[in-house]
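The values are calculated or read from the model by the stated rules, or taken from the named source; none is laboratory data. No experiment lies behind these values; they were computed from the predicted model shown. We place every Cβ from the backbone using ideal geometry, glycine too, and count neighbours over all the protein chains shown. Accessible surface areas use protein heavy atoms only, side chains included; no ligands, DNA or RNA. Shrake-Rupley method; radii C 1.70, N 1.55, O 1.52, S 1.80 Å.
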Amino acid sequence: MSFETLKVLQIDSDAEEHAYVRALLGKARAVTYELDWAPTLEEGWRLITERAYDAHLIDSRLGAASGIDLIHRVRTQGLAVGPMILITDAGSESLDIEALQAGAADFLEKDMLSASALDRAIRYAVQRRRILTELKEKEARLNLALSAANLGFWDWNLATGEVYVSPEFRRMLGHATDEPAFADRETLREGVHPDDRGFIDQIVNRLKDGSMTRANILHRLCDQHGEYRWIQTRVAAEHDDQQHLARILGISVDMTERKLAEERLREQAAVLDQANDGIVVSDLDRRFTYCNASAARFLGLAREDVVGKTGREVAEFPASYDEAWEHVIQLGDWHGELAVKRRDGTAITAEGRWTLLRDDAGRPKAVLAYYIDITEKKRLEAQYLRAQRMESIGLLSGGIAHDLNNVLAPIVMAAQLLKLHHTDSESTKLLGTIETSAQRGAELVRQVLTFGRGIEGQHLLVQPKTLLRDVERLLVDTVGKSIEVSSRLEPDLWPVPGDPTQLHQVFMNLCINARDAMPHGGQLVLSARNIRIDEQYVAMSPELRPGLFVLFEVKDTGAGIPPEIQHRIFEPFFTTKKPGKGTGLGLSTARTIVKNHNGFISFQCEPGRGTTFKIHLPASSEAVETRTAPAPAPPPRGNGEIVLVVDDEASILSITSHALEMFGYEAITASNGAEALALFAQKRRKIAVVLTDMAMPVLDGAALIYALRKIDPQVKIIAASGLKATVQSMEPFGLGAASFLAKPFTAETMLWAIHEVLSPPPAADGSPPDPAPPAAVAPSAGAAPAS
């Protein structure tokens, strides 16, 4: 290495010595020396502090002081000066050692001084100083870089056992940067957590035997305060020429805060997993970066199947999902509902709240979304709306029933009265058809009330064979010629207790659905058989219970029910028919009726091959057959008693009066309550019984009854209505009617009711009163009961 010019300061009290040194330096060829001279220690100190020199030549004797004192003074003051070379008179080993310890770069004896020796000593001292300065700068830069990266460095020399640790490593463990720490292997090993020493020893052994040259270790190390810190260390092995392990070097980083943060995140994640709300975080590419347990459960997937994917990759979202993304990106938040179809085909409805997350610079970075599963809530809301709709239907059905009953009432009574005048077979048959149809119409009105208001129908013993034959006759004209209708009925079927009209409706609903499933024709088979269900049968069909049942089947050869909607067919208002073609109430009504009869309904379906509906109805132990019922007794006649008939329908007044007069009564009529009250006030001593409708203008039946009883508490009153089912239903009003007739009623029913009201109570001796009307028996499914 060559230098153009080197500045040198000579401190020496001998002028001749100075001249000699100048002469020697002038002989140098590779370097040009600029030599300054200070004859005293004070002058030398001044020049050292004021100027910069590449090297200093200091005489060992400077008056009262020595050159070594000056060198020591420079080092004590911490001055950054060029190397200092001590010039001595004679060789002295102790003096040389003292000079080096004081900080001298070299020493020369005056007797051995030559141009080459002086030139070499100066140049080598300057070169060493520059090399050392460069190394220190590099070390400082390395330590600065390690410090900036929070990285500590250590070097374990296996030959000497010494361990070097960088200032940052010391700081990492709470030591001062210049404080000794982990000076040897044992000290370093003792600082490792006892639970971690074993696997670290294994790694060291593998580094020694050469089976491993690098390793990444996470361990705990004790700091200055006796607390353990998590340290991540990357180690590398260095081998000598004989492939023996010479040293192990490591770069360490303090992971304590990160470990604590990870632990906090795990705790927070555990808390979020306990939340019922689904919580997800998505990046701006719409990929989920976080998903808690509830969100994964909403989607019906494992968490690992959600994170890293977009919403449309894990489920079927509606078009509003894209609109929600656009809204949250533009406005920062979004709130709404999403209908999601999961991979397994099930659907859920979720209420979502989205928030746009931003970084420190305000740039969008992610979207945080909270979801609440409101599927059940939406279902309950739908049920509530349906219930309100049904309540409206109930209110509407009341008005319709009243009007229809008023229409049917005179038809029923007129048909019965005409039978008395026209006894030929043809007339009797036609009048019977009229009467049966009117009675069926009355039962259908009652069924509307049952459906709309929950009014229970009358339960009788129903003969399955009669019921299905009746349905079969109706179907011949209903389903069309392209569908072959047949029945397979087991002989001696057990009777079932039930409402014949309701059961008739069940089978008609099923058969109409079967017809609609066969638009191009097919076969419709009605069957019934007795069945005993035991515990073993119940074990195979848990919805059933042991006992005696009649199993009804309605089988078609239609297209069948698609598998994806089979679980919904009994839902109210669910239909696959076109608008106007179906209400969606047929199967739900059928199931409700069967359930109210303590029965069970199920179905079997093969798409493309037809559907079979099975209905289990509990059988009655009483074998009552309609054909064995005794002939009904003739209606009782009156003895001229006056009956006040009150109704706002003129046709009902006319036919009721006619029937009463034919059977020995005298009838007077009133078209409303006010008119009836005036008539009763005039003829109350002559009127034997009052027959009044309950729904009338001006003064309704309830008010009329109340007023009549105020005039005469003993008055006998028969109430009639198309809305009330029993006399007990009037008791909460305190009306006190003696009997009740449900419209439309037959003349026979009316006459028996009047007879019972007018009949005296049983005699004290226990003799029976007049005969009662015949017991009700099970009519055909299409006919109404007699009362």
| said: Condition first: within 21 Å of ARG128 (Cβ to Cβ), open to solvent by 60 Å² or more (accessible area, probe 1.4 Å) and at pLDDT 85 or above. Now tell me which residues in segment 74-107 satisfy that. | reply: ARG75
| note | Within segment 4-23, residues being under 18 Å from MET84 (Cα atoms) and touching a residue at least 24 places away in the same chain (Cβ under 8 Å) number 11
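Scan segment 513-534 and tell me whether some residue there is modelled with pLDDT under 85 and surrounded by fewer than 17 Cβ atoms within 10 Å (Cβ to Cβ).
Within segment 513-534, the first condition is being modelled with pLDDT under 85, and the residues that meet it are 533-534.
Pick out the ones that are also surrounded by fewer than 17 Cβ atoms within 10 Å (Cβ to Cβ) and you get 534.
Taking every residue of segment 513-534 in turn, at least one turns out to be modelled with pLDDT under 85 and surrounded by fewer than 17 Cβ atoms within 10 Å (Cβ to Cβ).
Quick grid of which residues meet (1) of a type in the set (S, T, N, Q); (2) open to solvent by 70 Å² or more (accessible area, probe 1.4 Å); (3) under 23 Å from HIS755 (Cβ atoms):
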| position | (1), (2), (3) |
| --- | --- |
| LEU691 | no, no, yes |
| GLY701 | no, no, yes |
| ILE711 | no, no, no |
| GLN714 | yes, yes, yes |
| Tally, over segment 418-438, of residues that are open to solvent by 70 Å² or more (accessible area, probe 1.4 Å) and hydrophobic (A, V, I, L, M, F, W, C) | 4
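Do we have any residue at all in segment 455-465 that's open to solvent by 70 Å² or more (accessible area, probe 1.4 Å), at pLDDT 80 or above and in a loop (DSSP other than H, G, I, E, B)? Walk me through how you get there before you give the answer.
First, the residues of segment 455-465 that are open to solvent by 70 Å² or more (accessible area, probe 1.4 Å): 456, 458-459, 465.
Filter again for at pLDDT 80 or above, leaving 465.
Now narrow it down to the ones that are in a loop (DSSP other than H, G, I, E, B): none.
Scanning segment 455-465, I find no residue that is open to solvent by 70 Å² or more (accessible area, probe 1.4 Å), at pLDDT 80 or above and in a loop (DSSP other than H, G, I, E, B), so the answer is no.
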| said: Could you tell me how many of the residues in segment 31-51 are out of contact with any helix residue (DSSP H, G or I) (no Cβ under 8 Å at 6 or more places or on another chain) and in a helix (DSSP H, G or I)? | reply: 6
| Are there any pairs with C-beta distances below 8 angstrom linking a residue in segment 58-70 that is acidic (Asp, Glu) to a residue that is open to solvent by less than 20 Å² (accessible area, probe 1.4 Å) and outside any strand (DSSP E or B), with the two at least 6 apart or on different chains, and if so which? | ASP59/ASP12; ASP59/GLY67
| request: State the number of residues belonging to segment 511-531 that are assigned to a strand (DSSP E or B) and over 26 Å from VAL496 (Cβ atoms). | output: 1
| request: Report yes if ALA19 is small (Gly, Ala, Ser), within 26 Å of ILE131 (Cβ to Cβ) and either open to solvent by less than 80 Å² (accessible area, probe 1.4 Å) or under 60 Å from the mean Cα position of the chain (by Cα) (or both), otherwise no. | output: no
| request: Determine whether segment 478-500 contains at least one residue that is at pLDDT below 80, open to solvent by 60 Å² or more (accessible area, probe 1.4 Å), part of a helix (DSSP H, G or I) and out of contact with any Leu (no Cβ under 6 Å at 6 or more places or on another chain). | output: no
| task | Residue by residue through segment 11-30, note down the ones that are at pLDDT 90 or above and not in a helix (DSSP H, G or I). | result | ILE11
| remark: Filtering strands (runs of 3 or more DSSP E) wholly in segment 586-650 for at least 3 residues that are surrounded by 18 or more Cβ atoms within 10 Å (Cβ to Cβ) and at pLDDT below 85 gives none
| request: Exactly one condition in (1) at pLDDT 85 or above; (2) in a loop (DSSP other than H, G, I, E, B); (3) charged (D, E, K, R) is not met by LYS577; state its number. | output: (1)
| note | Scanning segment 25-73 residue by residue, those open to solvent by less than 80 Å² (accessible area, probe 1.4 Å) and among the charged types (D, E, K, R) turn out to be ASP36, GLU43, ASP54, ASP59
| remark: Within segment 409-451, residues being touching a Lys or Arg at 6+ places or on another chain (Cβ under 8 Å) and modelled with pLDDT under 75 number 1
| request: Kindly list, by first and then second residue, each pair from a residue in segment 238-260 that is touching a residue at least 12 places away in the same chain (Cβ under 8 Å) and among the hydrophobic types (A, V, I, L, M, F, W, C) to a residue that is in a strand (DSSP E or B) and open to solvent by 60 Å² or more (accessible area, probe 1.4 Å), limited to pairs with Cβ atoms under 6 Å and residues at least 6 apart or on different chains. | output: ALA246/GLU238; ILE251/ARG234; MET255/TRP230
| message | Would you confirm, using the coordinates I've provided, whether LYS377 is open to solvent by 90 Å² or more (accessible area, probe 1.4 Å) and in contact (Cβ under 8 Å) with a residue 60 or more places away in the chain? | response | no
| query | Which of the residues belonging to segment 200-225 are within 46 Å of the chain's Cα centre (by Cα) and closer than 19 Å to LEU158 by Cα? | reply | ALA215
| request: Look through segment 669-689, keep the residues that are surrounded by fewer than 18 Cβ atoms within 10 Å (Cβ to Cβ) and touching a strand residue (DSSP E or B) at 6+ places or on another chain (Cβ under 6 Å), and return whichever of them is nearest to LYS710 (Cα to Cα). | output: LEU679
| What are the pairs, 6+ residues apart or on separate chains, where a residue within segment 163-188 that is at positive phi and modelled with pLDDT of 70 or more has its Cβ under 8 Å from a residue that is surrounded by fewer than 20 Cβ atoms within 10 Å (Cβ to Cβ) and in a loop (DSSP other than H, G, I, E, B)? | GLY174/ASP223; GLY174/GLN224; GLY174/HIS225
| said: Among the residues of segment 108-129, what is the count of those that are open to solvent by 40 Å² or more (accessible area, probe 1.4 Å) and within 24 Å of ARG46 (Cβ to Cβ)? | reply: 1
